[in-house]
Each structure stands twice: as structure tokens, then as C-alpha cells.
Amino acid sequence: MPTIDGERVVADLKRLAEFGHYKTGVHRPTYSPDDVAARHWLAGRLREAGLDPVIDGVGNVIAYDPQAQRRLLIGSHSETQPYGGWLDGALGVIYGLELARAFAADPDCAGFGIEVAAWADEEGHYSSYLGSRSYIGGLTEDEIDRITGRDTGKTLRAALAEAGFAGRARERVEPGRHIGYLEAHIEQGDTLDASGLHLGVVETIVGIRNFRISFTGEQNHAGTTRMVRRRDAGVAMVRLATRIHDRFAEIAGPRTVWTIGRMGLEPNAPSVIPGHAEMQLQFRDPDPGYLDACESALSALVADANRSGPCRVAVEPVARSAPTPMDPGFQASIEAAAEHHAPGLHLRMPSAAGHDAAVLAECMPAGMMFIPSLGGVSHHWSEDTGEDDIVLGARVFADAAFRILQARR
Ligand SMILES: [Zn+2]
């Protein structure tokens, strides 16, 4: 079985975290100078590991092993959220690098190839899962023309040109090349940390549905308009928000989460009755049945609000993704490896966050493994995981990859 060098894994993670270092975390938005430098550094490390790396036309770093007979693709993303953590994405990329080195050094792994990907912009500074979608053929040139930066307003074309990636070919999945895709990631929630467990075997990546709910009332003077004749869109919004929270609590499954993360009033002034209001509701679940139940409940509540008035309520879907099950054979291999290295200290669980693995699952078997996030903190510079868990995770991940490659020999 391939041997992991734990110190080397931690040292590489710390080196990668120097690009865009911020407090104890990292600020490395996609295509920023720090992100571009990190991608070139990664390509260099992958070349030292004996692979052939390329940085493609959207900034994906993909490292190939031309000699191998059977190949696993292993990766994650290398940019971070604004003022984010040092492990989100980076962990899965550095595990890929370490596995490539460990497999190359082990005679038992002759013929096995670990190919490594650092996908571009999973975090959506320009467009979520941009790099992995490009790789599976799910991103058109027209779409690239239209995308602008979420925080900067800069066009994606301009960002790619500044990064030095414009005009490069985009790498594409080669059918039959890989027996599958594996991704390791920090959990980002507190399920493992709170229960003293060390490894998560991902069963499903949750489905997500987003809706924009708008309220039309009548804008008027906050002093002279008598209460009985008001049509206050703000009141209609907070009433419906409360009903959604109450109703979802009654019908939700054990893993359902829902969030009203954005609310707005027009004109949003202290002495004006709001004539228009808008909020966004998002809910997530690994089970499509609960997603459907929430959507039906939302429709019923909106119909109810429209019947009772006095404002008009409209719902519009903004985005939706279906739950993505991970390959059952890969789950079994990850679980067997976890049981070998940490008996009884692992858990099968859904991923409540989206990941590139859900994109790759569209064209090859995919699997994911989690390690704990201390206190369940992520998308924040204080995000962290104990070094023991980082090293244990690398060993389990290598063992799982070895089992998968052997089983499909
Ligand atoms: Zn991530």
C-alpha cells in the first residue's frame, strides 16, 4: 500500500497557504495575482512528482500520467472565498499531489496512475464550478463571453487575459481515461467534530433550490396613510417569511436546511410605506422528496397570501440542482479504508455543501471523503483542522484510492 509522508502533506498545505495569506487564513480569489501564482506553483510541484501538468484556458491545473494503465482523477479547487480558510479546496488538491508521489514510489502501484486537478473557480467569484464544468463540456464560449466577476464586475475574458490564460485550449474529459474521480474536503459543518469522529464517507451531495419571492403593495406616506388602507409590501414579506420558517419546521426532513439570506425593501426609507419587497429563499436536502415537499409548501403559502391580500406575491425559481449520489463502490472503498485506519470513527453522511465532485459525477463514478472542521467553521479565515486529522485523512484517502484501483484491475 502506498506510504503517505504526513510532514510533507502539512508542509505543502502551509506553503500553498502563503499565496494570499490573511491572518490564519487565505484571501485568494480566482484569477487574482496570488491565485495565478499558486496555480503555477502547483503545476511545478506536480511536475516534480513526475506528472505532466498543464494550466488550461480557464485556469484549471490538470496533471497527467501518460504511462499509467489505470487512472484515477483526484482533485478539488485551489482558489478561496474572500478572507477564507487555508484548507477549503487546498486540502483535496494537496492530497492529490501526495497520492501521486506516494503511488509513484510504490512498486505495488505499478501501472496505477494518479492524475490531479485543481479546478478553477469552484467558489464562484465568476461562476460556480467554472473549471469542472468546462472540463466535462458544460461551459460554452458564449457563456464565457457573458460572465462577469461577482465582486469586481470585471469580465471573465479580461480576467483570463490578465492571468495569462486567454487563448489556451480548455482541457476536456477523455471518455474511458479515468476509472473515476475522488475528492477529499474538509466537512465545513460540525457533524464530525461534534461527535468525535475523524472521517466522513459522502453518500450524496445535496440538491439546492433557490427562489426569489417578490411582493407588490402601494408606496405611500408613513404618517398620513391610515392603517386600514395600507398595502405594505414589507409587512407582507415578513409575515410570509415567518410562515415559511414555521411550516418548513413541520415538514422538513432530518437534514433539510433552509435560509432566507437576502431581503430588500423599496424604497427602504423610514417615512415611506414600502411599495415593493423582495426576498430570496434557499433550501437544501439530500432527498429529492423533501425538496419537493418544501417547494409544494412554499407554493401553498404563497397562494394563501395572495388569497388573503392585500399585496400581490410572486415566486420565481432562481437556480436548482438535484441531489447527486456518490458511487456506491467508491463509498464502500472509502469506508473500508476508514475502518482500517480509524475503526469505528467514521460516518456515512451527505455533503450539505456543493462540490466539483457533483459536476464530475455527470461523466464518471465519483466519491468524496471528509475530514473534520474544528467547530464546524469554514468560509472564514479561522477555519482549521488538527494536523493529526489532516495526516490521517491523507492515509485513508491513499488507501481508498489503492483499493479502488485494485478492485477494478
Ligand atoms: Zn471547497
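The values are calculated or read from the model by the stated rules, or taken from the named source; none is laboratory data. Just so you know, these numbers come straight off a predicted model, no measurement behind them. Glycine also receives a Cβ, built like all others from the backbone with ideal geometry; neighbour counts cover every protein chain displayed. Calculation scope for accessible area: heavy atoms of the full protein, side chains included, ligands and nucleic acids excluded. Shrake-Rupley method; radii C 1.70, N 1.55, O 1.52, S 1.80 Å.
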Q.
closer than 23 Å to P2 by Cα and of a type outside the set (F, W, Y): which single residue out of L405, L298 fits that description?
A. L405
Q. Here is a list of conditions, (1) away from the ligand (no atom under 15 Å from the Cβ); (2) open to solvent by less than 20 Å² (accessible area, probe 1.4 Å); (3) aromatic (F, W, Y), and Y95 meets all of them except one; can you say which number that is?
A. (1)
Q) In the stretch 79-89, how many residues are within 10 Å of the ligand (Cβ to nearest atom) and either open to solvent by 10 Å² or more (accessible area, probe 1.4 Å) or closer than 13 Å to P29 by Cα (or both)? A) 7
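So that you can scan it fast, the table gives a plain yes or no per residue for (1) without any contact (Cβ under 8 Å) to a residue 12 or more places away in the chain; (2) of a type in the set (V, I, T); (3) within 16 Å of the ligand (Cβ to nearest atom):
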site	(1), (2), (3)
N306	yes, no, no
E335	no, no, no
L347	no, no, no
A353	no, no, yes
G376	no, no, yes
H380	no, no, yes
A407	no, no, no
Q.
Could you check the stretch 294-329 and list, in sequence order, the residues that are hydrophobic (A, V, I, L, M, F, W, C), modelled with pLDDT of 95 or more and in contact with a Phe, Trp or Tyr (Cβ under 9 Å, 6 or more places away or on another chain)?
A. C294, A297, L298, A305, C311, V313, A314, V315
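Condition check ((1) in contact (Cβ under 8 Å) with a residue 24 or more places away in the chain; (2) assigned to a strand (DSSP E or B); (3) more than 10 Å from W86 (Cα to Cα); (4) of a type in the set (D, E, K, R)) across all residues:
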| residue | (1), (2), (3), (4) |
| --- | --- |
| R8 | yes, no, yes, yes |
| L13 | yes, no, no, no |
| P29 | yes, no, yes, no |
| A37 | no, no, yes, no |
| H40 | no, no, yes, no |
| A43 | no, no, yes, no |
| L46 | yes, no, yes, no |
| G50 | yes, no, yes, no |
Q. How many residues are over 22 Å from H27 (Cα atoms) and open to solvent by 10 Å² or more (accessible area, probe 1.4 Å) if we restrict to the stretch 342-359?
A. 10
**Q.** Single residue of E339, E362, E316, E335 found to be open to solvent by 20 Å² or more (accessible area, probe 1.4 Å), of a type in the set (D, E) and within 30 Å of R230 (Cα to Cα)
**A.** E316
**Q.** Residue satisfying all of: in the stretch 184-228; under 30 Å from S299 (Cβ atoms) and without any contact (Cβ under 8 Å) to a residue 12 or more places away in the chain; farthest from the ligand (Cβ to nearest atom) among these
**A.** V228
Q: Could you tell me whether any residue of the stretch 312-325 is hydrophobic (A, V, I, L, M, F, W, C), under 29 Å from I74 (Cβ atoms) and either assigned to a loop (DSSP other than H, G, I, E, B) or in contact with a strand residue (DSSP E or B) (Cβ under 6 Å, 6 or more places away or on another chain) (or both)?
A: yes
Q | Filter result (open to solvent by 20 Å² or more (accessible area, probe 1.4 Å) and either within 16 Å of the ligand (Cβ to nearest atom) or closer than 27 Å to C363 by Cα (or both)) within the stretch 32-54 | A | R47, G50, D52, V54
**Q.** Subset of the stretch 229-257 [open to solvent by 60 Å² or more (accessible area, probe 1.4 Å), closer than 24 Å to A297 by Cα, among the charged types (D, E, K, R) and part of a loop (DSSP other than H, G, I, E, B)]
**A.** R255
Q | Residues (more than 16 Å from the ligand (Cβ to nearest atom) and not in a helix (DSSP H, G or I)) located in the stretch 117-149 | A | I136, G137, G138, L139, T140, I147, T148, G149
Q: From the list G375, G393, G386, pick out the single residue that is open to solvent by 50 Å² or more (accessible area, probe 1.4 Å) and either within 14 Å of D193 (Cβ to Cβ) or of a type in the set (D, E, K, R) (or both).
A: G375
**Q.** Where G96 falls short, out of the listed (1) farther than 22 Å from P33 by Cβ; (2) in a loop (DSSP other than H, G, I, E, B)
**A.** (2)
Q. For residues in the stretch 105-119 being in contact (Cβ under 8 Å) with a residue 40 or more places away in the chain and more than 18 Å from D52 (Cα to Cα), which is surrounded by the most Cβ atoms within 10 Å (Cβ to Cβ)?
A. C109
Q: Give the residues of the stretch 128-142 that are of a type in the set (S, T, Y), modelled with pLDDT of 95 or more and open to solvent by 10 Å² or more (accessible area, probe 1.4 Å), sorted by residue number.
A: Y129, T140
